[in-house]
Structure formats: structure tokens, C-alpha cells
1. Alpha carbon centre of region 142-216 versus region 38-108: separation in Å?
2. Using DSSP to define loop residues, name the trypsin sites (Lys or Arg not before Pro) in region 116-147 whose beta-carbon has at most 16 other beta-carbon atoms within 10 Å.
3. What does the charge count near Leu31 come to, summing +1 for each Lys or Arg and -1 for each Asp or Glu among other residues with Cβ under 14 Å from its Cβ?
4. Just the number please: accessible area per residue for the chain, 1.4 Å probe, all protein chains included, in Å².
5. Counting only the backbone N, which residues of region 76-110 are under 13 Å from the spot 7 Å out from the Cα of Lys170 toward its beta-carbon?
6. Compute the Kirkwood hydrodynamic radius of region 1-141, taking the inverse of the mean of 1/r over all pairs of distinct Cα atoms, and give it in Å to one decimal.
7. Could you give the alpha-carbon Rg of region 41-84 over 2.2 N^0.38 Å, rounded to two decimals?
8. Apply 1/(1 + (r/R0)^6) to the Cβ-Cβ distance of Lys88 and Ser256, taking R0 = 22 Å, and write down the FRET efficiency to the nearest 0.05.
Amino acid sequence: MVFPPKGQSQHGAADYVQFREYLEKTSGILLGDNKNYLIDSRLRKLLKDNNIDSLSMLIKEIDKPGNRLRQQVIDAMTTNETLWFRDKHPFDFLQNEVLPELANKPGDISVWCAACSTGQEPYSISICTEELAKRNANFSRKNLRIVATDLSARVLAQAKSGVYEALALKRGMSDQRLNQFFADDGNGLWHIKPEIQRRITFKPINLKDNFINIGKFDIVFCRNVLIYFSNDLQKQILNNIHRVLKPGGYLFLGGSETPKGLNDLFEIHYYKPGVVYCQKSG
């Protein structure tokens, strides 16, 4: 099989349409007509390695029961842009306002980190928790659990390992936190410490599926992922999140995410410089 130079495509227009429809059906990811280059760049090696000539042939292969290519395609097409304490202010508000408030209420505290990618977000939440426990006696007595989920098996495996290269840790992690919450193995890799890792359970979840049996949560982080879905799927996901939040629970979205239907389900609470959404009961 001969592949064209990068920047050129061996696929026909119908192939792209068929693949985009298949991707949306299986994962919820919505790609526009101008994203054909993204399909080419992310699937080029996979197609070549498996001697597959076209996207239509790829769809036939991954539709076969138990075919390993399906997960590989999802892994390749999933955007996993992330960093530690992304945007900073949601984590400051979580640590200084939300968690202390929950510390004064009965029961344990539960957090769901949806679309957790390679683990930076749930580990950032756990670090905030550890820091708060050292200065807040009420909170130190609380049991806090974090459920972290993602569609991609590859990034979940990376997240669960809790091992990061120094370059990845430079993206948002301060030297103080690095030295306090990670251990250097001497070979350029840093391991998250057990007291940070133990709070987190990693699970595979596709947000387009019915996930309401995942449990009930005081806090949901679903940041910078809804933008990849259609309006209808965004509404479906928000309805399901509303159902898994405890009364008055908090939802954190990405700074650029204001999906339709939010006001029907959540009350907006402003804090400088961001917003958080509180579950409306009834």
C-alpha cells in the first residue's frame, strides 16, 4: 500500500463522511468537514500498520465483534490536551470554598472527574485535598473519594500508573508541590505518592452512554470536553450529570463551555474569575 505525502489524502469525500458519522455514533466526538486533516494525521500509522487502504475498510474491520482496532481508533481520535491545575482558579475555589463547606456537612465527600485524560486533573484535586486536610481539622476527618473516568483505555492506563516525565510535570506543577507529592526515581520519571493516589479509582466510561449508575457525587469536574460533542449530546450528558449530583452539588465546566440547557438544571454561582454550577433540585 502506497501512502501519499503528508498533507495529501488517499481517501474520498464519502469515506470521511462515513468515518465522521461512525466516530460520532460510537464515541460522541463531533468532527466538522474541515477536520479531515486531523483524521489523516491521527490514523495514518494505524492504517499503515494494519494494511488498511481506506476509512470505509477500517469501519468494516472495527465493526467486527471483539476487534482490537476499535479501541485503538478511539485512542487515536481522542484529544488528550491537559495540564496540572488547569486554569488554577477552579482548584483554588474548590480548596478554599467548596471543600471547607462540605467539611461541615455530614457524610463522606465524593468527586467525579469526567474525561480525566492522563490523570493530571484528578491528581490535582487529590493534592488540593491533601493540602486542605493539613490545615482544616474538620476536613481532615473526612473520607474523600475521587472517581476518574475516560473513554480512552490508553490514557487511563497512563493515569492509573501515576508516573510522569519531568517535561509533563512542567505544565502547571510548581516545584514545591512536585517535591512534596512526587518521588523522583532518578531516571527522569516522577511517581505520584501513595497518599495522593489512594483516593482515586479509575474507570472507563463513555459519556454518550447512560452513566447514571456510577454513583452519587458532591462535585463533578467535566471540563473542556463538552465542546467536542453535538448540542443534543451535550444536553443528554448534562441531564445525566444532574442526576448523579447530590442536592446542591457542584459542577465545574471549562471556561469556554456554556452549553444550552444549563440554566434549566443548574444555578450559576459566580466567583472571581470563574463560575461554578449548582444542582437545582426537583
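1. Result: 14 Å between the Cα centres.
2. Details: sites: Lys134, Arg135, Arg141, Lys142, Arg145; in loops: Lys134, Arg135, Arg141, Lys142.
Passing sites in region 116-147 are Lys134, Arg135, Arg141.
3. Numbers: positive: Arg20, Lys25, Lys35, Arg42; negative: Asp15, Glu21, Glu24, Asp33, Asp40.
So the environment of Leu31 carries a net charge of -1.
4. Working: 14120 Å² over 282 residues.
I get 50 Å² per residue for this part.
5. Within reach of a label on Lys170, which here means backbone N under 13 Å from a point 7 Å along Cα→Cβ, region 76-110 contributes nothing.
6. 18.4 Å
7. On the way: Rg = 11.8 Å, N = 44, 2.2 N^0.38 = 9.3 Å.
Output field value: 1.28.
8. Values: r = 16 Å, r/R0 = 0.72.
Computed FRET efficiency for Lys88 and Ser256: 0.90.
The values are calculated or read from the model by the stated rules, or taken from the named source; none is laboratory data. These numbers were taken from a predicted model, which means no experiment stands behind them. Note that each Cβ is placed from the backbone with ideal geometry, even for glycine, and that neighbours are counted across all protein chains shown. The protein model used for the area step is the full one, side chains on, heavy atoms only, and it has no ligands, DNA or RNA in it. Shrake-Rupley method; radii C 1.70, N 1.55, O 1.52, S 1.80 Å.
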